[in-house]
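S.K.: The structure follows.
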Amino acid sequence: MSELGHWQYNSEVPDSFYGFVYEITNLTNNKVYIGKKQSVFRRKKALRKGKKKREIVIKESDWKTYTGSNNELNKDIAELGKDKFCFNILRFCDSKWQLAYYEIEEQIKRNVLLNENFYNGIINCRLGRPKTKTVDKATP
């Protein structure tokens with residue numbers, strides 16, 4: 001397995017990233033799923049005796065083997081085999097806000113809810129302004 005697991009990316013992989021927006025394509029019927037995946041997660045440890053703040057631990061997620069959260073997609077992967085699917089990373093993101101924004105943007109651009117060629121059945125959207133300037137400088 002490569003450094004990206006089963007994921008493919010056609011450009012240089014950044015040294016560190018918070019997560020990525022991806023596309024999974026069923027090669028037998030060209031049905032597509034657009035989603036996002038965090039590559040790391042933060043957890044607070046239990047408060048230790050004599051300490052006033054909890055320690056924050058950053059751990060890598062299961063992103064290298066992740067196959068999406070859609071039940072229909074995962075059922076097809078189980079029936080057809082992983083080799084019948086193409087797992088592409090569309091863009092890497094540096095923050096949780098960027099990850100949510102660019103997933104929604106990609107889903108809206110492609111009309112995933114209006115097209116039967118997508119596994120997506122819902123766009124879960126609750127997004128405010130970013131706390132800091134996390135948007136790419138190239139974005140207007």
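S.K.: Among the candidates Glu79, Glu116, which residue alone is over 13 Å from the mean Cα position of the chain (by Cα), assigned to a helix (DSSP H, G or I) and surrounded by fewer than 18 Cβ atoms within 10 Å (Cβ to Cβ)? Don't jump to the end; show me each part of the working.
M.R.: Details: Glu116 fails: assigned to a helix (DSSP H, G or I).
Among Glu79, Glu116, only Glu79 is over 13 Å from the mean Cα position of the chain (by Cα), assigned to a helix (DSSP H, G or I) and surrounded by fewer than 18 Cβ atoms within 10 Å (Cβ to Cβ).
S.K.: Looking at region 83-107, which of the residues that are without any contact (Cβ under 8 Å) to a residue 24 or more places away in the chain and within 17 Å of Phe20 (Cα to Cα) is farthest from the chain's Cα centre (by Cα)?
M.R.: From region 83-107, those without any contact (Cβ under 8 Å) to a residue 24 or more places away in the chain are 83, 104-105; that's our starting set.
Right, trim to within 17 Å of Phe20 (Cα to Cα) and you get 104-105.
Working: Ile104: 11, Glu105: 13 Å.
So the residue we want is Glu105.
S.K.: Continuing with the same structure: Of all residues in region 65-76, which are charged (D, E, K, R) and either surrounded by 15 or more Cβ atoms within 10 Å (Cβ to Cβ) or in contact with a Pro (Cβ under 7 Å, 6 or more places away or on another chain) (or both)?
M.R.: Answer for region 65-76, where residues must be charged (D, E, K, R) and either surrounded by 15 or more Cβ atoms within 10 Å (Cβ to Cβ) or in contact with a Pro (Cβ under 7 Å, 6 or more places away or on another chain) (or both): just Asp76.
S.K.: Of all residues being surrounded by 12 or more Cβ atoms within 10 Å (Cβ to Cβ) and among the polar types (S, T, N, Q) in region 89-113, which is modelled with the lowest pLDDT? Just the residue, please. Outline the logic, then answer.
M.R.: Of the residues in region 89-113, the ones surrounded by 12 or more Cβ atoms within 10 Å (Cβ to Cβ) are 89-108, 110, 112-113.
Filter again for among the polar types (S, T, N, Q), leaving 95, 98, 107.
Details: Ser95: 91, Gln98: 94, Gln107: 97.
Within region 89-113, the match that is modelled with the lowest pLDDT is Ser95.
S.K.: What are the residue pairs meeting all of these: first residue in region 60-80, first residue closer than 11 Å to Gly35 by Cβ, second residue modelled with pLDDT of 95 or more and hydroxyl-bearing (Ser, Thr, Tyr), Cβ atoms under 7 Å, and 6 or more apart or on different chains?
M.R.: Partner pairs satisfying both residue conditions: Gly68/Tyr33; Asn70/Tyr33; Asn70/Tyr119; Leu73/Tyr33; Leu73/Tyr119.
S.K.: So, Asp15, is that one of a type in the set (D, E, K, R), within 29 Å of Cys125 (Cβ to Cβ) and not in a strand (DSSP E or B) or not?
M.R.: Numbers: of a type in the set (D, E, K, R): yes; within 29 Å of Cys125 (Cβ to Cβ): no; not in a strand (DSSP E or B): yes.
Criteria not met by Asp15.
S.K.: Condition (residue is under 23 Å from Asn124 (Cα atoms) and touching a Leu at 6+ places or on another chain (Cβ under 6 Å)) applied to region 58-79: is it met by at least one residue?
M.R.: The answer is no; no qualifying residue exists.
S.K.: Quick one: would you say Cys86 is of a type in the set (A, V, I, L, M, F, W, C) and touching a Gly at 6+ places or on another chain (Cβ under 6 Å)?
M.R.: So Cys86 does not fit the description; no.
S.K.: Which of (1) among the charged types (D, E, K, R); (2) touching a strand residue (DSSP E or B) at 6+ places or on another chain (Cβ under 7 Å); (3) surrounded by fewer than 12 Cβ atoms within 10 Å (Cβ to Cβ) does Arg54 not meet, given it meets every other one?
M.R.: (3)
The values are calculated or read from the model by the stated rules, or taken from the named source; none is laboratory data. These numbers come from a predicted model, not from an experiment. Backbone-built Cβ (ideal geometry, glycine too); neighbour counts: all protein chains shown.
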